[in-house]
Structure formats: C-alpha cells, structure tokens
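K.L.:
This is the structure I want to talk about, given as structure tokens.
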Amino acid sequence: MRKTIAITGALAVAGCATTVPPSVPTTTSRPMTNTVGLERVIGRSATQLVSLFGDPAQDFREEGARKLQFAGDACVLDTYLYPERRGREPVVTYVDARNATGEDVDRAACVEALARR
C-alpha cells in the first residue's frame, strides 16, 4: 500500500514538472483592437517584413502559422502570420512588443525603432 502511494505521489510530481513548448497564438486568442501605427506590418508577408527589418532573430512555424521575431536595442517585436484564406501566403495578423526585461512596450514605437536601424 505504501509503495502505491509513493509511486502515485512521484508520478503526480513528475507530471507537474513537464514543460509545454511555446505555441503561436491563434487569431482568436487576442484580437487586435488598436492597430494605429502598425500599418507598416499588419497584412504584410514574411518577405515584406524582412525587407523592412532585416533578417529575423527567430522564425517559428506551427501548423500553418508563423511567428517572426525581430530584435533591436529598443525592443523585441513578435509578428504572427496566418494565411487569410486556404492556399494564400501568411500575413501579419497580430503584433506583440516588449523591452529587454520582458515588459510590454508600445508596439507602434517598436516598429518605428526597428525600421530605423
């Protein structure tokens, strides 16, 4: 009986220790309500983003979605690309920005800072 309790307890603790890989948010997870100042990126393709910002620091792909991350001294910009329709090239539908310590920053200001470098 004690072995069963010990094994069950160990399995419960081990289950809590597993990590879940980060995933690309779905388009319905956080709708873009304020896109003012983001006209340079919303609706743009990966090729257009690379043209604007240079090579991404990271490029994640997951089930038809893509996340390109661009980084500079001022901020880190995460762009999330999804196809508008089946068979179409993915375009930016959501943008997130943060500073080096991970705090949210103004997305439009980050776009401008990264585009100027």
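K.L.:
Along the charge dipole of segment 24-116, which of PHE60, THR79, VAL92 sits closest to the positive end, that is, farthest toward it, with unit charges on the beta carbon of Lys, Arg, Asp and Glu (+1, +1, -1, -1)?
P.N.:
VAL92
K.L.:
When a/c reaches 1.5 or more, the comparison of a/b and b/c decides; with that in mind, is segment 24-116 rounded, prolate or oblate per its Cα gyration tensor? Numbers along the way, then the final one.
P.N.:
On the way: a/c = 1.58, a/b = 1.41, b/c = 1.11.
Since a/c reaches 1.5 and a/b is larger than b/c, the shape of segment 24-116 is classed as prolate.
K.L.:
How large is ³J(HN,Hα) for each residue in segment 83-90, as worked out from phi by the Karplus curve 6.51 cos²θ - 1.76 cosθ + 1.60 (θ = phi - 60°), to whole Hz, x for Gly and Pro?
P.N.:
x, 5, 9, 4, x, 8, 5, x
K.L.:
How far is it, in nm, from the label point at GLU39 to the one at THR101 when both lie 7 Å from their Cα along the line to the Cβ?
P.N.:
Each label point is offset 7 Å from its Cα along the Cβ direction, giving 3.4 nm.
K.L.:
Please identify every one of the GluC sites (Glu not before Pro) in segment 35-86 that sits in a loop by DSSP and has no more than 15 other beta carbons within 10 Å of its own beta carbon.
P.N.:
Passing sites in segment 35-86 are GLU39, GLU63, GLU84.
Every read-out reported here was derived from the displayed coordinates using simple, explicitly stated rules and does not represent laboratory data. Predicted, not measured: the structure shown is a model, and the values here were computed from it. Cβ: placed from backbone, ideal geometry, glycine included. Neighbour counts: every protein chain shown.
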